[in-house]
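The values are calculated or read from the model by the stated rules, or taken from the named source; none is laboratory data. Note that the structure is a prediction, hence the values are computed from the model and not measured. Note: ideal-geometry Cβ built from the backbone for every residue, glycine included; neighbour counts use all protein chains shown.
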């Protein structure tokens with residue numbers, strides 16, 4: 001009878017310890033998510049969200065909290081953070097829009113179309129979804145015992161997942177917006193000498209030429225090059241530099257998601 005009680009006590013102690021770990025993980029996830037949401041709000045509503053790379057290249061930090069959430073907390077958390085990013089973006093373009101012809105893509109008040117809401121929100125959600133799923137795939141296949149191979153795949157898990165997630169946003173927002181609002185953008189370009197002046201200056205800086213018939217697509221591709229590429233690189237660096245050491249510490253403490 002005494003042995004049975006001892007066994008039962010050990011079992012209860014083990015169950016209690018497991019519950020404590022689960023509770024700590026939940027608290028940690030909520031804390032991480034809250035901190036990242038606060039960072040997202042700062043980079044969304046302040047000039048701190050943009051980093052000039054060169055005179056014609058600017059990287060936005062808006063997707064970094066989404067990507068970090070997906071890498072540290074999983075696909076669901078990343079997608080939810082992306083939803084907040086999309087809502088914040090919609091608020092900015094509705095109430096404090098920057099001076100850009102892209103307002104047609106993001107502001108339903110200007111475009112008169114619900115597609116602007118879709119472009120603001122859906123690509124951001126998919127950043128978290130794609131990043132989280134791709135990272136989970138890399139972790140699933142990383143079963144190698146060789147440390148060099150394991151570390152290489154781990155690097156790709158963080159960096160490539162983050163880079164692909166960032167490019168999902170760039171591609172869906174800009175090229176998707178071009179396909180949906182091509183007519184409105186063409187009409188805007190035709191009536192604005194300022195936009196053509198900007199486009200000419202950008203083309204001159206890049207050493208190329210363009211024709212009026214392809215002005216809209218050329219402008220979109222320039223933004224992909226000057227904004228999307230730096231953001232992709234920034235996401236890859238941040239994804240690895242931030243999430244790798246944090247994951248290592250959490251794994252040591254048995255708190256990794």
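Take segment 134-153 and flag every residue that is in contact (Cβ under 8 Å) with a residue 60 or more places away in the chain and buried (at least 17 other Cβ atoms within 10 Å of the Cβ). Steps first, please.
Of segment 134-153, the ones in contact (Cβ under 8 Å) with a residue 60 or more places away in the chain are 135-136.
Across segment 134-153, the qualifying residue is only 135.
So which residues in segment 225-244 are over 12 Å from the mean Cα position of the chain (by Cα) and within 14 Å of residue 174 (Cα to Cα)?
The answer is 225, 226, 227, 229.
Scan segment 224-241 for residues that are in contact with a helix residue (DSSP H, G or I) (Cβ under 6 Å, 6 or more places away or on another chain) and in contact (Cβ under 8 Å) with a residue 60 or more places away in the chain and report the count.
Selection size over segment 224-241: 8.
With segment 134-225 as the region, which helices (runs of 4 or more DSSP H) entirely inside it contain at least 3 residues that are modelled with pLDDT under 80, out of contact with any strand residue (DSSP E or B) (no Cβ under 6 Å at 6 or more places or on another chain) and more than 15 Å from residue 101 (Cβ to Cβ)? I'd like the intermediate steps shown before the answer.
Working: elements: 147-170, 176-190, 193-206, 215-223.
Once the helices (runs of 4 or more DSSP H) in segment 134-225 are filtered for at least 3 residues that are modelled with pLDDT under 80, out of contact with any strand residue (DSSP E or B) (no Cβ under 6 Å at 6 or more places or on another chain) and more than 15 Å from residue 101 (Cβ to Cβ), what remains is 193-206.
Taking the condition part of a helix (DSSP H, G or I) and surrounded by fewer than 23 Cβ atoms within 10 Å (Cβ to Cβ), does residue 89 pass?
So residue 89 fits the description; yes.
Report yes if some residue within segment 103-112 is at pLDDT 90 or above, under 12 Å from the mean Cα position of the chain (by Cα) and either farther than 24 Å from residue 235 by Cα or crowded, with 16+ Cβ neighbours inside 10 Å (or both); otherwise report no.
Among the residues of segment 103-112, not one is at pLDDT 90 or above, under 12 Å from the mean Cα position of the chain (by Cα) and either farther than 24 Å from residue 235 by Cα or crowded, with 16+ Cβ neighbours inside 10 Å (or both), which makes the answer no.
Would you mind stating whether residue 121 is more than 16 Å from residue 173 (Cα to Cα) and assigned to a helix (DSSP H, G or I)?
Details: more than 16 Å from residue 173 (Cα to Cα): no; assigned to a helix (DSSP H, G or I): yes.
Criteria not met by residue 121.
So, of the residues in segment 92-105 that are without any contact (Cβ under 8 Å) to a residue 40 or more places away in the chain and part of a helix (DSSP H, G or I), which turns out to be nearest to residue 175 (Cα to Cα)?
Top of the filtered list is 103.
Looking only at residues that are surrounded by fewer than 17 Cβ atoms within 10 Å (Cβ to Cβ) and at pLDDT below 90 in segment 28-51, which one is nearest to residue 230 (Cα to Cα)?
51
Do you know which of the residues in segment 227-256 that are modelled with pLDDT under 80 and surrounded by 14 or more Cβ atoms within 10 Å (Cβ to Cβ) is farthest from residue 71 (Cα to Cα)?
255
Quickly run through segment 62-86 and pick out the residues that are over 11 Å from the mean Cα position of the chain (by Cα) and either surrounded by fewer than 21 Cβ atoms within 10 Å (Cβ to Cβ) or not in a helix (DSSP H, G or I) (or both).
74, 75, 76, 80
Give the residues of segment 21-54 that are more than 19 Å from the chain's Cα centre (by Cα) and not in a helix (DSSP H, G or I), sorted by residue number.
Residue satisfying the conditions is 54 alone.
Of everything in segment 155-171, what is buried (at least 18 other Cβ atoms within 10 Å of the Cβ), touching a residue at least 40 places away in the same chain (Cβ under 8 Å) and over 12 Å from the mean Cα position of the chain (by Cα)? Give them in sequence order.
Listed by number, the residues that qualify are 158, 159, 160.
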